[in-house]
1. Anything in the range 140-175 that is open to solvent by less than 10 Å² (accessible area, probe 1.4 Å), part of a helix (DSSP H, G or I) and either within 12 Å of the ligand (Cβ to nearest atom) or in contact with a Lys or Arg (Cβ under 6 Å, 6 or more places away or on another chain) (or both)? List them, or say none.
2. Go through (1) open to solvent by less than 50 Å² (accessible area, probe 1.4 Å); (2) away from the ligand (no atom under 16 Å from the Cβ) for V296 and report which single condition fails.
3. Please specify each residue of the range 655-689 satisfying the condition of being polar (S, T, N, Q), open to solvent by 40 Å² or more (accessible area, probe 1.4 Å) and not in a strand (DSSP E or B).
4. Looking at (1) away from the ligand (no atom under 15 Å from the Cβ); (2) open to solvent by 10 Å² or more (accessible area, probe 1.4 Å); (3) more than 30 Å from D372 (Cβ to Cβ), which is the only condition E181 fails?
5. Taking R193 as meeting all but one of (1) within 27 Å of H302 (Cα to Cα); (2) more than 14 Å from the ligand (Cβ to nearest atom); (3) touching a Pro at 6+ places or on another chain (Cβ under 6 Å); (4) not β-branched (V, I, T), write down the number of the exception.
6. Would the range 275-287 turn up any residue that is on the phi > 0 side of the Ramachandran plot and over 24 Å from the mean Cα position of the chain (by Cα)?
7. Give me the pairs: first residue in the range 160-184 and free of Cβ contacts under 8 Å to residues at least 60 places away in the same chain, second residue among the acidic types (D, E) and within 14 Å of the ligand (Cβ to nearest atom), beta-carbon distance under 7 Å, and six or more apart or on different chains, which are they?
8. Select, from A489, A452, A484, A480, the only residue that is more than 30 Å from E177 (Cβ to Cβ) and open to solvent by less than 10 Å² (accessible area, probe 1.4 Å).
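The values are calculated or read from the model by the stated rules, or taken from the named source; none is laboratory data. Bear in mind that the values here come from a model prediction, so they are computed numbers and not experimental data. For neighbour counting, all protein chains shown are included, and Cβ atoms are generated from backbone atoms with ideal geometry for every residue, glycine included. Side chains included, ligands, DNA and RNA excluded: accessible areas come from the protein's heavy atoms. Shrake-Rupley method; radii C 1.70, N 1.55, O 1.52, S 1.80 Å.
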Amino acid sequence: MDRTRLASAALLATLIVVAWLHTTAQASGRSQKQQEDAEFIERLINQMTVEEKAGQLSQLGMDMTPSGPVIGIEGRKTIAEVGSVIGVYGAEVTRKLQREAVQKSRLHIPLLFSYDVIHGFRTVFPVPLAEASAWDPDLSQRTARAAAVEATASGLHWTFAPMVDIARDARWGRIVEGGGEDPFLGAALAAARVRGFRGKEVPDTSTILSTAKHFVAYGAAEGGRDYNSADMSERTLEEIYLTPFRAAVQAGVDAIMPGLNEVNSTPMHAHRNLLKKKLRDEWGFQGLVISDYWGVHGLMEHGVASSTHQAVRLAFNATVDIDMVGGHYADELPALVRNGLLPLPLLDDAVRRVLQAKQRLGLFDDPYRYSDPSREALIPAPQMRALAREAAQKSIVLLKNNDALLPLPKNLRKLVVVGALANDALSTMGPVPAEGRPNESITVLAGIKQAALPETEVVYIPGASPKSSDISGIDEAQRAARDADVVVAVLGETQDMSGEARSRASLDLPGAQNALLTHLINTKKPVVVILMNGRPLAIPSIDEQVPAILESWFLGSEMGNAVADVLFGDISPSGKLPITFPRSVGQVPIYYAHKKTGRPSSKTDYFTSKYLDEDWQPLYPFGHGLSYTTFTYGTPKLSKQRLKVEETLIVQIEVSNSGQRAGEETVQLYLRQNVASITPQVRQLRGFSKVRLSPGETRTVEFMLAPENWASLNEYLSPSVESGTFTLFVGGSSVTDNQANFEVTTRSAPLTSHGL
Ligand code: NOJ
């Protein structure tokens, strides 16, 4: 098609669309404003050349350098030729770049500025895996909101978060960025973060566009090696890995980012079946699909495209709207349209989605509305620090506390703190700290010093580091420990040992930390271990030898204060593990919602599912987490013992604080169908609720189980309900035995896998 024919075809198409918009608007009762907005976009599309359209579908990579923002090495376009930018922020900088884009582009279309704002922007909140330990969607919504407020004040319009990948293999470095192993908890947190990023239903200048990533099964990388292939049944994909994405879409997520992995032999950037058929057609997702960094290009490395031309065709056909930094859409799309290989309406659909996103944020009315230095000057605001401290406190998990060693009294004579991590400000912020600054982050050491009373001597000896096998500092640490009342060892991983491209084959403490710990234990002084890490670690020998262990992950700007709050008992820990801790790397993948197998694990039966050289059970189960008080559960009371498919079940449970201190418990409800045509999981999380109790107080916690809980996917992967008995478990972790049974009856005969 030549240019003139292309242009008149486009004009005709626009006229038809605008006429159609008028008719449907009248029919659907669309507001005048919506109508005008839609017409504005159609007019704009009509004026655009295919090059300009391809530009809108291209994202330019930029870097912040001391001399100002520069275009990254992959960039082959100018700021005025693209639709969005990744990597720059700051009210002045974005204002300047926006001016350039608006003034120099023929149609004055504003840019979208995007960045990885994962768990805070300037104020850093706990890494997502840590925050998932709070089991508190409301908290996650509030921290996402706070991140949006700070990031948008810096001119950003779009974040590549939430990362909602389910992960069950602790070797995988990106486990730190997600919500853990469970789809039910993961879905609740995904939806909460999407709501938090958006803020008000009607966007204002603190609304940041959200992106659920990495679609899908990126966390199921074989061997836990980042970017590796995922090969799995459609059922597992449906039931486990797609679930948080579905929740994000239902919560109104703005964008989806495909993973850099392949699923069942198709790279996700070319996965028409999952992107087009599942995401867009089945789920009705109307937002943007943006490639991951260089992801379109990666189709050639995957071996499904031999040229950029082919890679672009594959990605675009899979409905990937935007090419992040690759530049291939800009290079290839115009020719593909001209040669009739890509229908113009499809190109327009993608462009429309980009323009609509800009319109939603009000950028056509005022391209500079996000780049406001007066707003930027207000960050970081003091209330953000308070929220960061609250989130950090709630994310700490007490793994073990023999003889109530914790909390520590504040009037100790001498407290010896060891471990390089105790004084590592950078590591408090985790691997993706956005604009977080180490000098604004409170280390564990600083927090302890601040909280201890003046009569307590706090001595710090690094002793050993995760980064080095140097043991020369250990003797000094041991000498100091000999004279201590209590030793606090801060051990784990530095922030660059998890995150993208940071998988590990071992789950041990790296460097000389084990040697350090052995020397401390040999002093026979009470040792408290505070773990800082971005993944579950396999630490059975620490568990055997150390009386008290706090899992504190990477807790962000207020890490040290929150750790001290818990260590000295100003706050009772309430976190629960969102992920199983294995005993050894040989157990992974390990997760609580496994299948029973035909030979369920048994210590007494030889031919059962287990290891010769390792327990089959985890070190710490999913949902585990102690408190400084104790909670006692009554037996679950059910509104009915027998119910019809469409009925709702109400479960009530009495929870008492049977200890001496106030505390918060996360009450967890798990469900198991005892016999089904498809092998059931041993249990699945179906509810959780947080309850705060004073000593001696009892409260009734209520759960309502809706009919979708009885449904499972039948052998054809359609939701169906089978008559049968269910067992529900309610308690403080996934291994609770506190149970009750009920039966669900259907009118039709029960379905079996043989169809009998
Ligand atoms: C690659 C990562 O996989 C993705 O999560 C991130 O959003 C992009 N890089 C942009 O930084």
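1. S140, A144, E150, A153, G173, I175
2. (2)
3. Within the range 655-689, the subset polar (S, T, N, Q) is 656-658, 660, 666, 668, 673-674, 677, 679, 681, 684, 689.
Within this subset, residues satisfying the condition of being open to solvent by 40 Å² or more (accessible area, probe 1.4 Å) are 658, 660, 674, 679, 684.
S658, Q660, N674, T679, listed by residue number.
4. With (1) away from the ligand (no atom under 15 Å from the Cβ); (2) open to solvent by 10 Å² or more (accessible area, probe 1.4 Å); (3) more than 30 Å from D372 (Cβ to Cβ) applied to E181, the lone miss is (2).
5. (1)
6. No - not one qualifying residue is present in the range 275-287.
7. A161/D116; M163/E177; G178/D165
8. A484
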